[in-house]
Amino acid sequence: MAAPGPLSLNTATIREQWSLEQAIEGCQRHGISGISPWRDKLGQCGVEKAAKLIRAANLTVTGLCRGGMFPAADAAGRKAAIEDNRRAIDEAAAIGAQCLVLVVGGMPTGSRDLPGARQQVEDGIAAVLEQARACGVPLAIEPLHPMYAADRACVNTIDQAMDICDRLGTGIGVAVDVYHVWWDPYLPAAIERAGNRILAFHVCDWLVPTTDLLLDRGMMGDGVIDIPAIRALVERAGYKGFCEVEIMSAGNWWKKPADEVLKTCIERHATVV
Ligand code: ZN
């Protein structure tokens, strides 16, 4: 099997240790050629300054995390979400991001209407898609593991995301994160269907046991996901981009020195991805 695409650092991986400025410098120092910032850190740094630093470091921005969170209990909430996504698209364009990652949102508080939430997601994406196309920033729907359907993302499989893409047309695709899709018995067919609409490939690992729904993600190689098998599927589908490491780990990796985390990412990227 050929070597994986180049490594990109999703800054969530060292969220507790480093600012965006430090992450940019750290990538450069460790020879990591891609970065995927989160908007909170981007805001703290300032979009223009970040764009300048990223250009100077010659980093590829494999994504901006994140847009989405479209469903809301009332029209004012949905409008606010759409406005926030418009700002996210502008920020993604400003830093030259290859896509804006969408964590689409779950059900409004108190709601039991899952189909309704899914419709709100599609309506929200449709409302901002024209701007994304005009800015040259593709929207990457990231299907999340179904355990997040209520509170983070009610798009839970690649097929479901592709159905939305098929209905909405160009300028939209998917981010394939092994953490969220590895369990899917129909994964090979779904990835083949996604084909050239795979805009990003995220890696980490599924720990057994997982002790926190959100913040207990594993380093590649420490869990049960056959990452090379999934990488082979996305590559066979035509994906030629980066492997973006995204590990939210409150109990382990966020407590280690960031340089050690990056060294481990580099080593595991070379050996188990
Ligand atoms: Zn991801």
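The values are calculated or read from the model by the stated rules, or taken from the named source; none is laboratory data. Quick caveat, the model's predicted, so the values are computed rather than measured. Every residue, glycine among them, receives a Cβ derived from its backbone with ideal geometry; neighbour counts consider all protein chains shown. Quick note on the areas: whole protein, heavy atoms, side chains included, nothing else; ligands and nucleic acids left out. Shrake-Rupley method; radii C 1.70, N 1.55, O 1.52, S 1.80 Å.
For the chain, what is the accessible area per residue in Å² when the probe is 1.4 Å? Walk me through the numbers on the way to the answer.
Numbers: 11330 Å² over 273 residues.
Per residue, the chain has 41 Å² of solvent-accessible surface.
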Determine the sum of side-chain charges near residue 208: Lys and Arg each +1, Asp and Glu each -1, restricted to other residues whose C-beta is under 15 angstrom from that of residue 208.
-4
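Using only alpha-carbon positions, what ratio does the radius of gyration of region 32-103 give when scaled by 2.2 N^0.38 Å? All intermediate terms of the calculation are to be shown ahead of the outcome.
Values: Rg = 13.1 Å, N = 72, 2.2 N^0.38 = 11.2 Å.
Output field value: 1.18.
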Straight-line reach only, C-alpha to C-alpha below 18 angstrom: list the lysines that residue 49 could link to, leaving out same-chain residues fewer than 8 apart.
41
How would 271, 211 line up by accessible area, probe 1.4 Å, largest first?
211, 271
State the percentage of accessible surface on the chain attributable to carbon and sulfur atoms; use a 1.4 Å probe and exclude ligands, DNA and RNA.
53
Take the alpha-carbon positions of region 1-128, form their convex hull, and give its projected area averaged over all directions (one quarter of the hull surface) in nm².
9.9
So how do 246-253, 131-138 stack up, highest first, on mean other-Cβ count within 10 Å?
246-253, 131-138
Kirkwood hydrodynamic radius of region 180-267, Cα pairs, Å:
14.0
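Convert 10 °C to kelvin, take the viscosity as 1.306 mPa s, use the Kirkwood radius over C-alpha pairs of the chain as Rh, and evaluate the Stokes-Einstein diffusion coefficient in µm²/s, rounded to a whole number.
Values: Rh = 18.5 Å.
Stokes-Einstein gives a translational diffusion coefficient of 86 µm²/s.
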Need one value: the accessible area of residue 90 in square angstrom, 1.4 angstrom probe, rounded to the nearest 10.
80
Under 16 Å between alpha carbons, and skipping anything fewer than 8 positions from residue 255 in its own chain: which aspartates and glutamates qualify?
16, 212, 216, 246
Mean projected area, convex hull of alpha-carbon positions in region 117-246, reported to one decimal in nm², is 7.8
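Report the rotationally averaged projected area of region 209-256 based on its alpha-carbon convex hull, in square nanometres.
For region 209-256, the mean projected area of the Cα convex hull comes to 4.1 nm².
Per-residue counts of other Cβ atoms within 10 Å, averaged by peptide: what ranking do you get for 172-183, 40-51, highest first?
Details: 172-183: 23.5, 40-51: 16.3.
Those peptides, ordered most packed to least, come out 172-183, 40-51.
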